[in-house]
1. Please go through (1) buried (at least 16 other Cβ atoms within 10 Å of the Cβ); (2) of a type outside the set (Phe, Trp, Tyr); (3) touching a Phe, Trp or Tyr at 6+ places or on another chain (Cβ under 6 Å) for Glu27 and return the number of the only condition it doesn't satisfy.
2. Can you pull out the residues in the range 73-106 that are under 13 Å from Leu8 (Cβ atoms) and either in contact with an Asp or Glu (Cβ under 9 Å, 6 or more places away or on another chain) or in contact (Cβ under 8 Å) with a residue 40 or more places away in the chain (or both)?
3. So, in the range 42-64, of the ones that are among the hydroxyl-bearing types (Ser, Thr, Tyr) and assigned to a helix (DSSP H, G or I), which residue ends up surrounded by the fewest Cβ atoms within 10 Å (Cβ to Cβ)?
4. Look at Ser111 and say whether it is touching a strand residue (DSSP E or B) at 6+ places or on another chain (Cβ under 9 Å), of a type outside the set (A, V, I, L, M, F, W, C) and buried (at least 18 other Cβ atoms within 10 Å of the Cβ).
5. Determine whether the range 124-137 contains at least one residue that is part of a strand (DSSP E or B) and not hydroxyl-bearing (Ser, Thr, Tyr).
6. Inspect all residues belonging to the range 81-93 and state whether any of them is of a type in the set (S, T, N, Q) and either touching a Pro at 6+ places or on another chain (Cβ under 7 Å) or surrounded by 12 or more Cβ atoms within 10 Å (Cβ to Cβ) (or both).
7. Out of Lys15, Lys39, report the one residue that is of a type in the set (Lys, Arg) and either part of a loop (DSSP other than H, G, I, E, B) or more than 30 Å from Lys134 (Cβ to Cβ) (or both).
Amino acid sequence: MTDKPTYLTREGRAKLEAELEELTTVERKHIAERIAAAKELGDISESGEYEDAKKAQALLEGRIREVKHILSRAELIDEEYHGNGEVRVGSSVTVRLEDDNEEETWTIVGSAEANPRQGRISNESPIGAALLGKRARNKVTVQTPSGVMKLTIIKVK
């Protein structure tokens, strides 16, 4: 895992904190009960349920470590700062796609909160990184996995 900061909105941080609470209190207990029940069935060396429960436990502990790591290096995005009109993490950016002349609005967020289908793109993605530091009316050319994309920034909030 990397030690670079993870940018989070207040909402994103709250969601991760709630997830961590759920994982460490409810899910750990549930898996411990599954393991105990499988042990009561007898020979664990041949128990499929025991193996499944141990795999679930390993996945759970991995996710707990991941969430703790994200939270330990989280930097909150100042969602109230509208700055000097430059695109930054936390900005909403309306762009026009040159290929089809359609407009789209994306919010630049940290990688932990990225969800392109909801219009939330990571500051580390090719498009997010290319938009950072730009202003309205700037043209941006981005090399994406699916090819070159040409954008014009219409509005930054």
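No lab work stands behind these numbers, since they all come straight from the coordinates. Predicted model, so just to flag it, every value in this text is computed and none were measured. Positions of Cβ are generated from backbone atoms using ideal geometry, with glycine treated the same way; all protein chains shown enter the neighbour counts.
1. Status for Glu27: all satisfied but (3).
2. Arg73, Ala74, Glu75, Leu76, Ile77, Glu79, Val89, Gly90
3. Here the answer is Ser45.
4. No; evaluated as a whole, the condition is false for this residue.
5. No, that holds for no residue.
6. yes
7. Lys39
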